[in-house]
Amino acid sequence: MKKEFNRKVLKNGLTILFEKRKLPVVSVAFAARHGGINESSEEKGISHFIEHLLYKGTEKRNSKQIAEEIERNGGELNGFTSDVVTAFWCKMPSSQINVALDVLGDMIKNPKFDEKEIEKERKVIFEEIKMYHDNPRLHVFEEMHKSLFKAPFGIPLIGTIESMNSINREKMVEKFKKVYTPNNLILVVIGDAKFEDVVSFAEKNFGNEKSKIKQFKVKNKNEIHTEKRKGIDQANMIFAYHTPLMNDKKSYAAKVLSTLMAGGMSSRLFSEIREKRNLAYAVKGDCQIGKDFSYNYIYIGTTKENVEKVKKLILEEFEKVSKNLTEKEMNEVKKQIIGNYKISMEDSQGVMVELLLHEVDGNAEEFYELEKKISEVKLKDVKDLAKIKDYSLFTLMPQE
């Protein structure tokens, strides 16, 4: 599915990704090629901390003015930090694209890092850490990450109380100056705009500073852990396993396998665990495929009495797939993935994020090749990946 897409790397290294659309809406993001994969154990959470602070004011706008300029012009403003990127985005009426570019550009070039705001936001992040711990579903996802990867990558993206306490203004400003140089930035625009205007804005508003970002090697592992907690009634479990990296053709087979096993109400595990046996309400799965780390996961909420039974059913179903998956069933799943992909193309914000992540992993245009790549997946590759030898399992159990 080819769109009107342009990619340009400016002389200063800033990358522009642009998709033209006719609806009078535009999604805009500035992003730095820096996330959890670039952090040491001691500074874990600094990318996320910086993300928070960039909304707190620049030399010419305070936090209220940043929000007002976007929202009073009909826009939405937000951001996110991932393992590989930190992004700041808004969705606006296309007539207001200059406002979007000006405000976001100001945020990533001129943050004040006010000492009082840093201390206030540190407290906010401490509450966010507590929220992740206290919410069983969020907690098991963090623990899944720990069970799949060694430190520092395995440490939660949000950081720890210790690492967050160690990050002062001096460290934050130093990190910002190293990371937020034009050669490490990506500007994504999706919507009714002119590519030439976007390029012109970037050329006029960014200098030639350059820096190199350090990346820590991702070291895989597999662990099985159980945690018991009072005050909960449900057992929350995540089963996860490493899959081929993005530059491996078999990575798309991993996506087919993920959808086959737990991608919706027609998936094998939803049918087996919920519909046939009524052992769980939530049976969901997905895949994370990148150039440095890739894995599939399955989340299930069940009773503590049924944890071992559910685990056994998961392993049995993978074994069945490895032996008995047919071309017909695989093609049905391919059709499902391609159909979901086409539906997702409607949302400019979602496409913006996907282009950004594909660019960080090496090739933004590969996002548009999903239909072709999925169609090329071989039955043998899916069956081979279903021969699960090593896996991680984390379970949060009620304690009596």
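Scanning the range 1-55 for residues that are under 19 Å from V99 (Cβ atoms) and either free of Cβ contacts under 8 Å to residues at least 60 places away in the same chain or not in a strand (DSSP E or B) (or both) yields R21, L23, P24, L54, Y55. Taking the listed residues Y299, Y281, Y341, the one that is hydroxyl-bearing (S, T, Y) and in a helix (DSSP H, G or I) is Y341, with no other qualifying.
Quick grid of which residues meet (1) at pLDDT 95 or above; (2) surrounded by fewer than 24 Cβ atoms within 10 Å (Cβ to Cβ); (3) within 26 Å of F153 (Cβ to Cβ):
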residue: T15; (1), (2), (3): yes, yes, yes
residue: K22; (1), (2), (3): no, yes, no
residue: V26; (1), (2), (3): yes, no, no
residue: A32; (1), (2), (3): yes, no, yes
residue: G36; (1), (2), (3): yes, no, yes
residue: S41; (1), (2), (3): yes, yes, yes
residue: S47; (1), (2), (3): yes, no, yes
residue: E51; (1), (2), (3): yes, yes, yes
residue: T58; (1), (2), (3): yes, yes, no
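Among the residues of this structure, K387 does not count as one that is among the basic types (K, R) and not in a loop (DSSP other than H, G, I, E, B).
Anything in the range 115-163 that is among the hydroxyl-bearing types (S, T, Y) and part of a helix (DSSP H, G or I)? List them, or say none. Matches in the range 115-163: Y132, S147, S163. The number of residues in the range 290-309 that are among the small types (G, A, S) and either over 29 Å from the mean Cα position of the chain (by Cα) or within 16 Å of Q234 (Cα to Cα) (or both) comes to 1.
Let's see how each residue does on (1) modelled with pLDDT under 95; (2) in contact with an Asp or Glu (Cβ under 6 Å, 6 or more places away or on another chain); (3) of a type in the set (S, T, Y):
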site	(1), (2), (3)
I167	no, no, no
V199	no, no, no
A202	no, no, no
M246	yes, yes, no
A253	no, yes, no
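Which of the following residues is assigned to a helix (DSSP H, G or I) and under 30 Å from E376 (Cα atoms): A202, A253? Show your work before the answer.
Details: A202 fails: under 30 Å from E376 (Cα atoms).
Every option except A253 fails the conditions.
It is to be established whether one or more residues within the range 6-13 are modelled with pLDDT under 95, in the same structural domain as N73 (by TED's automatic domain parsing) and more than 19 Å from the chain's Cα centre (by Cα). No - not one qualifying residue is present in the range 6-13. If Q288 satisfies every condition in (1) part of a loop (DSSP other than H, G, I, E, B); (2) of a type in the set (S, T, N, Q); (3) free of Cβ contacts under 8 Å to residues at least 24 places away in the same chain; (4) closer than 24 Å to E366 by Cβ but one, which is the exception? The failed condition is (1). For first residues located in the range 95-120 and buried (at least 19 other Cβ atoms within 10 Å of the Cβ), partners that are hydroxyl-bearing (S, T, Y) and part of a helix (DSSP H, G or I) and lie 6+ apart or on another chain with Cβ distances below 9 Å form the pairs E117/S63.
Examine the range 348-356 for a residue that is in contact (Cβ under 8 Å) with a residue 12 or more places away in the chain, over 23 Å from I224 (Cα atoms) and loosely packed, with under 14 Cβ neighbours inside 10 Å, and state whether such a residue exists.
No, the range 348-356 contains no residue that is in contact (Cβ under 8 Å) with a residue 12 or more places away in the chain, over 23 Å from I224 (Cα atoms) and loosely packed, with under 14 Cβ neighbours inside 10 Å.
Filter the range 291-319 down to the residues that are touching a residue at least 60 places away in the same chain (Cβ under 8 Å) and basic (K, R), then identify the one that is farthest from V353 (Cα to Cα). Before you say what the answer is, go through the steps one by one.
If we filter the range 291-319 for residues that are touching a residue at least 60 places away in the same chain (Cβ under 8 Å), which is where we start, we get 291-293, 295, 297-304, 306-307, 310-311, 314-315, 318-319.
Retained after the next criterion (residues that are basic (K, R)): 291, 304, 311.
On the way: K291: 16, K304: 37, K311: 33 Å.
Filtering the range 291-319 for residues that are touching a residue at least 60 places away in the same chain (Cβ under 8 Å) and basic (K, R), the one farthest from V353 (Cα to Cα) comes out as K304.
Among residues that are at pLDDT below 95 and part of a loop (DSSP other than H, G, I, E, B), M265 is not included.
Which residue pairs have Cβ atoms closer than 9 Å, lie 6 or more positions apart in sequence or on different chains, and pair a first residue in the range 228-242 that is in contact (Cβ under 8 Å) with a residue 24 or more places away in the chain and outside any strand (DSSP E or B) with a second residue that is surrounded by 14 or more Cβ atoms within 10 Å (Cβ to Cβ) and among the small types (G, A, S)? Note: pairs meeting the criteria are Q234/G301.
Take R274 and tell me if it is surrounded by fewer than 15 Cβ atoms within 10 Å (Cβ to Cβ), at negative phi and modelled with pLDDT of 95 or more. So R274 does not fit the description; no.
The values are calculated or read from the model by the stated rules, or taken from the named source; none is laboratory data. Fair warning: this is a prediction, and the values are worked out from it, not measured in the lab. A quick note on method: Cβ atoms are made from the backbone with ideal geometry, for glycine too, and the neighbour counts reach across all protein chains shown.
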